[in-house]
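The values are calculated or read from the model by the stated rules, or taken from the named source; none is laboratory data. Remember, predicted model here, so these are calculated numbers, not experimental data. Reconstructed Cβ throughout: ideal geometry from the backbone, glycine too, with neighbour counts over all protein chains shown.
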Amino acid sequence: MVNLMTSYPLHIKLENKEAVVIGGGKIAERKINSLLHAGAKVTVVSPALTANLEKIANDKILIWKKMLFHPKHVQTAFIVIAAANDKKVNALVANSVSHQQLINVVDQPELGNFHVPSVLKRGKLTITVSTEGASPLLAKKIKNELSTLYDDSYESYLEFLFECRHKIKSFIQDSAYKQQLLKELLEEKYKNSSEERAAFLMKLQNK
């Protein structure tokens, strides 16, 4: 498997991709919630689940295979996460996937070919922090510090930027003026002022 010290950061679209998670504890729950948020079709393999996961399974949001792991469970998966509370089971999961599949082993990252960084989400803004496995606690600490700097206001700000960028690319022909407008949007006044945002949009409509 790939040495995490040579990892390449990227974001993967998982909408409608088959994801299999082995394990039903708290760590598995966090992984499953992230996969569902990304639009993956999730199957969880575990004799037991947390109360929250059991509710999600009962609501048919994921598929629950209430049994011990078998290699056949991951044969067709696009992405696999081994999050059982048993290192031997997780190692078996890692040995059951092909080189074409994505595999993350939560307690033995060296057995997988990708790892999941600490993530801060603010709507369309995604900030990831990784220490390449050296210190997950430090990654979490840095994420918490960034969460203060990039607060909830960035969610609506990014929606505004997205709308403006679309309008600018669609209606402004001059390349230099496009860049001027896009840079102007980064001014602090647009982050928190609905009046300034409305004025900018009005300016675009009048072009």
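One residue stands out among those in segment 124-141 that are aliphatic (A, V, I, L, M), over 17 Å from the mean Cα position of the chain (by Cα) and outside any loop (DSSP other than H, G, I, E, B): the one that is modelled with the lowest pLDDT, which is Leu137.
The number of residues in segment 65-81 being more than 22 Å from the chain's Cα centre (by Cα) and either part of a strand (DSSP E or B) or buried (at least 17 other Cβ atoms within 10 Å of the Cβ) (or both) comes to 3. Just one of (1) of a type outside the set (Val, Ile, Thr); (2) in a helix (DSSP H, G or I); (3) crowded, with 19+ Cβ neighbours inside 10 Å fails for Ala84. It is (2). Among the criteria (1) out of contact with any Phe, Trp or Tyr (no Cβ under 8 Å at 6 or more places or on another chain); (2) at pLDDT 95 or above; (3) of a type in the set (A, V, I, L, M, F, W, C), the one Leu49 does not fulfil is (1). The set of residues in segment 41-54 being surrounded by 14 or more Cβ atoms within 10 Å (Cβ to Cβ) and out of contact with any Ser or Thr (no Cβ under 9 Å at 6 or more places or on another chain) consists of Lys41, Val42, Thr43, Val44, Val45, Ser46, Leu49, Thr50, Glu54. Need pairs with beta-carbon distance below 7 Å; first residue in the same structural domain as Val44 (by the TED database) and within segment 76-87, second basic (Lys, Arg) and surrounded by 15 or more Cβ atoms within 10 Å (Cβ to Cβ); sequence gap 6+ or separate chains. Partner pairs satisfying both residue conditions: Phe78/Lys17; Ile79/Lys17; Ile81/Lys31; Ala83/Lys31. Of all the numbered requirements in (1) out of contact with any Leu (no Cβ under 8 Å at 6 or more places or on another chain); (2) of a type in the set (A, V, I, L, M, F, W, C); (3) within 24 Å of Ser118 (Cα to Cα), Val74 misses one, and that requirement is (3).
Listed conditions (1) aliphatic (A, V, I, L, M); (2) surrounded by fewer than 17 Cβ atoms within 10 Å (Cβ to Cβ); (3) modelled with pLDDT of 95 or more are all met by Leu161, apart from (2). The helices (runs of 4 or more DSSP H) located wholly in segment 146-207 that include 3 or more residues which are free of Cβ contacts under 8 Å to residues at least 12 places away in the same chain and either under 28 Å from the mean Cα position of the chain (by Cα) or within 29 Å of Thr128 (Cβ to Cβ) (or both) occupy 175-184. Being loosely packed, with under 13 Cβ neighbours inside 10 Å, free of Cβ contacts under 8 Å to residues at least 12 places away in the same chain and among the acidic types (Asp, Glu), is that true of even one residue in segment 12-24? No - not one qualifying residue is present in segment 12-24.
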